[in-house]
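See below for the structure under consideration.
The values are calculated or read from the model by the stated rules, or taken from the named source; none is laboratory data. None of these values were measured; they are calculated from a predicted model. FYI the Cβ positions are ideal-geometry reconstructions off the backbone, even for glycines, and counts take in every protein chain you see.
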Amino acid sequence: MTLSPELTETLTAFAGRLADASAKVIMPHFRTAMPVDDKADLWGGAKGYDPVTAADRGAEAAIRALIEADYPDHGILGEEYGEKQGSSPLTWVLDPIDGTRAFITGLPLWGTLIALNDGSAPVIGVMDQPFTGERYVGSPAGTFLGGRRLSVRACPDLGQARLMTTSPHLFRAPGTRDAFERVAEKAQLVRYGGDCYAYCMIAAGQVDAVIESGLETYDVQALIPIVRQAGGLFTSWTGGDPQAGGDVVATGDARLHEQILNLLNG
């Protein structure tokens, strides 16, 4: 479904309303002694410790309520409450707190991810960090932080690159840790712990590449427009469509992207 510029603008503004509603739920919980459940115990998860809080659940519930009230024909896919099929090709993809581990340890490297998929790809993406007051928005109009348009930086060679991943423990599948290390050992700088924030730093021209493995659809969809509309690339490790998650790589420079793909698949 191709969205008109007018509808894109309307839905981008609506995504901002969703982020506002989410923030109101989340912020009273941040840096408090809140209970934390382990989804790995609750639902037999296979990823080790998988924390979830009332902030995660409440924020997604608030977002879903607004979508169902204003756009009842739209689909919804969220981390906490699953999928609701819509009669429209449009689907909202939600991660109320991407980086719950950061959230429960008091670190501000988390964010609310809100994407709108038009039936073929995510076309609007929001990463909202209400504690720092930052909202990154990617759409066909570009990628913006507040009123400032963002752009990736040039980085033609891996030896000059700032590389990030959330944790080396992401690389659980056979061969993925070795593949990441082949890239990391050639990078100028490697940093851990960024979650969704690291991808936004690509768009802002502060980070050159993010490599991750084992991600879910809701982990990536909002970030794809943010990176791409700032001039970056976002693909699977084989250069394919990343919107279902899995093993992904995002970069700010096409020359760097090619080098990284070659090493990941070497």
- Message: Looking at region 91-110, I want the residues that are at positive phi and have a partner that is assigned to a loop (DSSP other than H, G, I, E, B) and among the hydrophobic types (A, V, I, L, M, F, W, C) with Cβ atoms under 6 Å, at least 6 apart or on another chain. Which pairs are those?
- Response: 99/109; 99/110
- Item | Residues being β-branched (Val, Ile, Thr) and over 20 Å from residue 252 (Cβ atoms) - total across region 127-148 | 1
- Query: Got at least one residue in region 95-103 being in a strand (DSSP E or B), within 21 Å of residue 31 (Cα to Cα) and of a type in the set (Val, Ile, Thr)?
  - Reply: yes
- Query: Tell me, which helices (runs of 4 or more DSSP H) lie completely within region 172-266 with 2 or more residues that are under 27 Å from residue 91 (Cβ atoms)?
  - Reply: 196-203, 217-220, 223-228
- Task: Please specify each residue of region 111-144 satisfying the condition of being over 14 Å from residue 13 (Cβ atoms) and either assigned by TED's automatic domain parsing to the domain that holds residue 231 or in contact with an Asp or Glu (Cβ under 6 Å, 6 or more places away or on another chain) (or both).
- Result: 111, 112, 113
- residue 87 passes all but one of the listed conditions (1) in contact with an Asp or Glu (Cβ under 7 Å, 6 or more places away or on another chain); (2) surrounded by 15 or more Cβ atoms within 10 Å (Cβ to Cβ); the exception is number (2)
- Within region 1-32, the count of residues that are exposed (fewer than 13 other Cβ atoms within 10 Å of the Cβ), modelled with pLDDT under 95 and of a type in the set (A, V, I, L, M, F, W, C) comes to 1
- When you scan region 105-170 for strands (runs of 3 or more DSSP E) that lie fully inside it, which ones turn up with 2 or more residues that are in contact with a Ser or Thr (Cβ under 9 Å, 6 or more places away or on another chain) and buried (at least 16 other Cβ atoms within 10 Å of the Cβ)? 111-117, 122-129, 134-139
- Message: For region 87-120: of the residues being of a type in the set (S, T, N, Q) and touching a His at 6+ places or on another chain (Cβ under 9 Å), which is nearest to residue 193 (Cα to Cα)?
- Response: 91
